[in-house]
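Scroll down for the structure; my scribbles are underneath it.
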Amino acid sequence: MLEELKKRVYEANMLLPQYGLVTFTWGNVSEIDRETGYFAIKPSGVDYNKLSPEDMVIMDLQGNKIEGKYNPSSDTPTHIELYKNFAEIGGVVHTHSSWATSWAQAGRSIPCYGTTHADYIYGEVPCARCLTGEELKNYEANTGVLITEVFKDRDYKAVPAVLCKNHGPFTWGKDAFEAVHNSVVLEEVAKMAARSEMLNPGIKPAPQELQDKHYYRKHGANAYYGQ
C-alpha cells in the first residue's frame, strides 16, 4: 500500500515541472491515505530530475516520519494542518508558480473575471494575511493554521486554492492528481486575470449569474458538463 502511495505521489510531483509550475526545487505534492492516516510527500530540496518513487517520504498526521531516507518537504507541517482541518481532501500542492505567486506577493485575492475561473473556482481566490512575528516562530504549521482560518466561512471544496501573502499558492483536491490539476488551473487563472487588468484597468468581476451558471454546470447535483 505504501509503495503504491509513494508511486502516485512521485508521479504527481513530476507533473509540476512538466506543467511549468516549479523552478529548481520550489514545490511539493502530497497525498494522504485516510484509512491509515499516513501521507506521502516529496523530500526536501531534492532536484526533480533526481527523484524516484522510493524517495517519497511517508509521514503521519503527528509529524512523525514513518518511512524514508530523506527529510520530508519543509512545508510538511502546512500539509498536516490542511489534512487535519479539510476532512474531504486527499492531496495538497504547494508551488511558487510565477503568476499566482505574483498575486500573492501583491497581497491580492484573484477576482473571478471570466468563465474559465468560474468553471473550477467559485468566486475569488482568497489571499491570506501575513503571519505575525510571533506566528513566524512556527512558520510552516502556522501557515496551515492561517489557511484554515481563511476558510472558516468559505467552502474549501468550491474554492480549492489559496494565496499566502508574500509567499505563494497552495491547492488541494480529492487526491494528488486533482490537486495538481487545480494548481495548473490556478496558474492560468492568475495569468489571465493579470493580463485582463493590464488591458482594462477598470475591469469588474464577471456577473454573478454567469459565474453561477459555469460553476454549477460542472459541480453539484445538477451538473451536466462532461460524460
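A few remarks follow.
- Taking each residue as 0.36 nm, the span from K137 to K174 lengthens on full extension beyond its C-alpha to C-alpha distance by 10.2 nm.
- Contact order normalised by residue count of region 1-111, Cα under 8 Å, 6+ apart, percent: 28 percent
- Taking amide H as placed 1.01 Å from N in the peptide plane, the amide H of Y38 sits under 5 Å from that of D33, each at least 5 places away or on another chain.
- For G114, the residues whose amide H sits under 5 Å from its own are A206, ignoring neighbours fewer than 5 places away on the same chain, with H placed 1.01 Å from N.
- Rounded to the nearest 500, the helix-only mean residue ellipticity at 222 nm of the chain stands at -12000 deg cm²/dmol, with each DSSP H run of n ≥ 4 adding -39,500 (n - 2.57).
- The lysines within cross-link reach of K42, meaning a Cα-to-Cα straight distance under 21 Å and a gap of 8 or more places when in the same chain, are K6, K7, K50, K65, K69, K84, K174.
- Spread of Cα-to-Cα distances over 10 Å intervals beginning at zero, given as percent, for the chain: 8, 34, 36, 18, 4, 0
- Peptides 212-221, 18-27 ranked from most to least packed by the mean count of surrounding Cβ atoms within 10 Å: 18-27, 212-221.
- In this calculation the C-beta distance from C130 to S44 is compared with R0 = 22 Å, giving a FRET efficiency of 0.40.
- Residue list for region 150-182, given a label point 7 angstrom along the Cα-to-Cβ vector of Q105 and an amide N cut-off under 20 Å: 162-171
- Using R0 = 22 Å, the C-beta based FRET efficiency linking N222 and A87 works out to 0.35.
- For E67, residues with placed amide H under 5 Å, excluding near neighbours: I58
- Cα shape, region 140-227, gyration tensor, a/c 1.5 rule: oblate
- The length gained on full extension between T23 and E209, counted as 0.36 nm times the residue separation minus their Cα-Cα distance, comes to 63.2 nm.
- For the chain: relative contact order, % (alpha-carbon pairs under 8 angstrom, 6 or more apart): 21 percent
Read the figures in this text as sums done on the coordinates, not as results from a lab. For clarity, every value in this text was computed on a predicted model and none was experimentally measured. Neighbour counts run over all protein chains shown; Cβ positions are idealised from the backbone, glycine included.
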